[in-house]
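The values are calculated or read from the model by the stated rules, or taken from the named source; none is laboratory data. Everything numeric in this text was worked out from a predicted model, so none of it was measured. Here Cβ is always computed from backbone atoms with ideal geometry, including for glycine, and neighbour counts include all displayed protein chains.
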């Protein structure tokens, strides 16, 4: 044990942040992740544009900020990782920390797989032409799968994932994916090798670089043709969506998952702070910056989607123009995009028979192309890569984009892994001779080995399973218990005293009202609705099946029973420690009390027992 | 003057050839989209351009069928429209009553497609030979996939970084254990570190109850 000895007491040195900026950048980097770029714009799009901001901001103020403040405050006051914090508040709550750690571990596994995919695309952005711009040419016949879908789809589903057409068919380990996965874990390792000493330095780059790239994209995307269509579409509010309860539910869940609370990572980070630190201001800052980043990111995303829709519309119209020009033998470029409708009417009236013979594509509607909504990996690896091909200097934009995605994900990975490592370190179960770096390496190697599941042919389906079920219900339960634990078990009075000790003033009526009533209520409502919506139907997943009748549409398949069992496990295993540990400690307390009555040894000092 | 009349007559007779007609089994339809390709720098399609086209086709035929001296007069064009589209047939230089079959014409055009395109500053799409599919250019296949090279560079740097950090931490620990025995005895009882109020360290352990054998057991 290292530290300094004072009057017979060994004071252990807890690692500290070098400066406040490192701490804030780490928290911001943890909160700001891939979801800010590829989930929030999607929600804005499907929920009536600007109108979605209202439930979103309400959820931020009444649910997000209180939870954030609570976690940062309790970690800073008790100065332990998630397991230690909940053990300190009450031994019965010890399972809460274990639950957080398990969730962090499971999320790390699939989250890093997404980073591996980003790395793969990054490595492939150094070619001219970009590999996803055209179908690979075979010697004899053309590639059926690629021709039926698009080169971009083909590159994602076949050359990157080599996806099987069913989750039951595991396929084999894709060696190139294994390489990228191992690379991703290596990169996270080198940043987390010395705990917050190295993380604190890494976040100077990983937390700030995305903003630089977003700004570059913002400026460039606004100059692209069709960008204004996308932006108008995004921000035009459709107030009627506010009447749909699903919108409020999604806003609440989005804020909750976006802020990365209940992972234990925020508690770990704030535990390395000095005790006198204004955590109220930190919480508000992190929360506001997270939401502002979501908004800021949606502008270039929608400009680019508008550009893409415009391209699709123009190519559709131009096909029709060509068909008409060829059929009626008119001079080239007499029919343009602008006078297309006029010409169509004229030709239809003047030569109806000949006009009906022309194979025209009826689906050339700007709105239709804008309505195609994508989120998640579909946005990054399909929609965006397609847009990038049409930009001059594609390689530069692709490289910038994928490095930005990687930075966003990397800084979130720090939080996930620290949510696992800090509690284990604090539990002091490690032998003294084991250096911290080796312990970290062992954890990473184990995680990497388990994450090889996601490098199988069916890996993408498993990532979806983990994403939908691990990163949702357990977190809601943990957050609910966190609120109850701090406010009701530790007590509002004690917690107010903690905050007074740390910041010099007690929390005001707004925070108290939120913690005691509003936030738990909101969380409970979100949880109940979430479970109700999920449980209503047997879960299904979109499968990429080249033999499907409607290919290239994805085939909706339902999960087989054994996968369903795994889903149930994923939802329940993280939260089981909460009741288990409580029961275990309760039983021990009852047994100890009964044994205390039976044998009262005056030399037994119970104060020092677990 | 006489030459001009003769030329016009020949042209007229060429154009008036009945074998050249839409959907002829011996020829092809050609479509040009000059404005689409060149925009503002588009040239006007006139007789001279048509002459160039017939000449380039004759060139293609000569390239393909070695030995036969095709002339511009062997390329017969008809049904020219404002689209700029027309049909053409190819007669044999040895006997103008004989037409070259479609397969040979197609093969000839395929072979010299690039040259014909360049003559008109057009592409496969804008100079369209209806029913003759353009051959796609083979994509360049790299000997080593470039992504492996980037991967190697990045992972090499990261791996080197990890090794450096691990080695440096080992070296630091060795230096600490070597330098420690001298000042350990001074530290234990005499060093008083001012602990500011609240700036406490964590994990306060009451050494009296620890298992450490530095202290006498209770």
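Couple of notes before you dig in:
- Only one of B:97, B:118 that is over 37 Å from the mean Cα position of the chain (by Cα) and not in a strand (DSSP E or B): B:97
- Scanning the stretch A:529-543 for residues that are loosely packed, with under 14 Cβ neighbours inside 10 Å and assigned to a helix (DSSP H, G or I) returns A:532, A:533, A:535, A:536.
- Tally, over the stretch A:502-524, of residues that are outside any loop (DSSP other than H, G, I, E, B), surrounded by 14 or more Cβ atoms within 10 Å (Cβ to Cβ) and in contact (Cβ under 8 Å) with a residue 40 or more places away in the chain: 10
- Some residue of the stretch B:8-27 being within 30 Å of residue A:336 (Cα to Cα), in a helix (DSSP H, G or I), out of contact with any strand residue (DSSP E or B) (no Cβ under 9 Å at 6 or more places or on another chain) and modelled with pLDDT under 90: no
- Condition check for residue A:211: touching a helix residue (DSSP H, G or I) at 6+ places or on another chain (Cβ under 8 Å), more than 14 Å from chain B (Cβ to nearest Cβ) and outside any loop (DSSP other than H, G, I, E, B): yes
- Any hit, the stretch A:72-84, residues being surrounded by fewer than 24 Cβ atoms within 10 Å (Cβ to Cβ) and away from every other protein chain (no Cβ under 14 Å): no
- Just one residue in the set A:94, A:50, A:81 is more than 30 Å from residue A:417 (Cα to Cα) and in contact with a helix residue (DSSP H, G or I) (Cβ under 7 Å, 6 or more places away or on another chain); that residue is A:50.
- Scanning the stretch B:39-54 for residues that are without any contact (Cβ under 8 Å) to a residue 60 or more places away in the chain and either in a helix (DSSP H, G or I) or within 22 Å of residue B:98 (Cα to Cα) (or both) yields a count of 8.
- Those residues of the stretch A:231-245 which are modelled with pLDDT of 85 or more and loosely packed, with under 12 Cβ neighbours inside 10 Å, in sequence order: A:236, A:239, A:240, A:243
- Out of A:147, A:168, sole residue that is within 27 Å of residue B:133 (Cβ to Cβ) and more than 10 Å from every other protein chain (Cβ to nearest Cβ): A:147
- Every condition in (1) over 25 Å from the mean Cα position of the chain (by Cα); (2) within 12 Å of chain A (Cβ to nearest Cβ) holds for residue B:147 except the one numbered (1).
- Filter result (crowded, with 20+ Cβ neighbours inside 10 Å and closer than 20 Å to residue B:126 by Cβ) within the stretch B:57-83: B:57, B:60, B:77
- The single condition among (1) modelled with pLDDT under 90; (2) closer than 18 Å to residue A:546 by Cα; (3) away from every other protein chain (no Cβ under 11 Å) that residue A:162 does not satisfy is (1).
- The set of residues from the stretch A:439-470 being within 18 Å of the chain's Cα centre (by Cα) and buried (at least 19 other Cβ atoms within 10 Å of the Cβ) comprises A:451, A:454, A:459, A:460, A:461, A:462, A:463, A:465, A:466, A:469, A:470.
- Considering the stretch A:349-379, and only residues there that are in contact with a helix residue (DSSP H, G or I) (Cβ under 6 Å, 6 or more places away or on another chain) and part of a helix (DSSP H, G or I), the residue that is farthest from residue A:554 (Cα to Cα) turns out to be A:355.
- Pick from the stretch B:131-144, criterion surrounded by 11 or more Cβ atoms within 10 Å (Cβ to Cβ) and either part of a helix (DSSP H, G or I) or within 7 Å of chain A (Cβ to nearest Cβ) (or both), ranking: modelled with the highest pLDDT: B:136
- Of the residues making up the stretch A:136-161, those that are surrounded by fewer than 18 Cβ atoms within 10 Å (Cβ to Cβ) and touching a residue at least 40 places away in the same chain (Cβ under 8 Å) number 4.
- Residue selected from the stretch B:55-97 under the condition touching a helix residue (DSSP H, G or I) at 6+ places or on another chain (Cβ under 8 Å) and in contact (Cβ under 8 Å) with a residue 60 or more places away in the chain, by the criterion nearest to residue B:110 (Cα to Cα): B:56
Residues checked against (1) within 27 Å of residue A:373 (Cα to Cα); (2) within 14 Å of another protein chain (Cβ to nearest Cβ); (3) not in a helix (DSSP H, G or I):
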{"site": "A:301", "(1), (2), (3)": "yes, no, no"}
{"site": "A:306", "(1), (2), (3)": "yes, no, no"}
{"site": "A:309", "(1), (2), (3)": "yes, no, no"}
{"site": "A:312", "(1), (2), (3)": "yes, no, no"}
{"site": "A:316", "(1), (2), (3)": "yes, no, no"}
{"site": "A:323", "(1), (2), (3)": "no, yes, no"}
{"site": "A:327", "(1), (2), (3)": "no, yes, no"}
{"site": "A:332", "(1), (2), (3)": "no, yes, yes"}
{"site": "A:336", "(1), (2), (3)": "no, yes, yes"}
